[in-house]
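One structure below.
What follows draws every value from the coordinates through simple rules; no lab data is involved. Everything quoted here is computed from the prediction, not taken from an experiment. Heads up, the Cβs are rebuilt from the backbone with ideal geometry, glycines too, and the neighbour counts pull from every protein chain shown.
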Amino acid sequence: MDLFAALERLMRMDDQVWRRHASPWSVWTRVAAVPLLVLAIWSRMWIGWWAAPAVAAIVVFLFANPRLFPPPRQPDNWASKATFGERAYLARRSVPIPAHHRRAAVVLTTVSFIGAAVLVYGLVRLEITATLVGLCLMAGAKLWFVDRMVWLFEDMCRTEPCYRDWLVPEPTSQEPCRTR
């Protein structure tokens with residue numbers, strides 16, 4: 001099973017949602033929401049069950065986020081390319097990607113999951129060191145993964161001309177390329 005494709009289905013990402021998610025506002029507010037989610041979960045220590053609405057609001061925001069912002073006017077920025085790279089990575093079965101990008105994605109995702117496990121442990125046990133180490137490991141690996149997706153997208157633009165079309169501010173489609 002492809003975890004990345006399962007998450008895409010869970011988030012209900014279609015062509016229009018991907019275009020909107022390529023907004024730097026979408027990318028950076030999602031990055032900022034993760035530490036806020038950790039803080040909201042941790043706040044149960046101070047405010048008890050009143051932390052639940054904050055946690056719920058952030059979870060709803062994370063789901064809605066790719067739909068909240070308009071598509072970028074100039075999609076040739078780092079955040080947009082990162083989103084395009086993720087889309088190209090998800091299409092790797094129909095349009096093969098270089099092996100070094102596949103390996104890096106798997107390694108970085110594994111490190112991120114390990115960090116998430118440490119983070120969850122820290123949040124459950126209210127252990128600050130485990131929480132911060134887990135958050136740093138998870139977020140650091142995820143940001144490295146996202147940066148790697150920029151590299152993947154730039155590599156794919158050199159070999160698959162249809163990906164270059166995504167850099168046009170108003171593309172007619174952002175469907176992944178298809179093998180010929």
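Structure above, values below:
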| quantity | calculated |
| --- | --- |
| Yes/no for GLU160 being surrounded by 15 or more Cβ atoms within 10 Å (Cβ to Cβ) and of a type in the set (Asp, Glu) | yes |
| Of all residues making up region 108-129, the number that are farther than 25 Å from GLU86 by Cα and not aliphatic (A, V, I, L, M) | 5 |
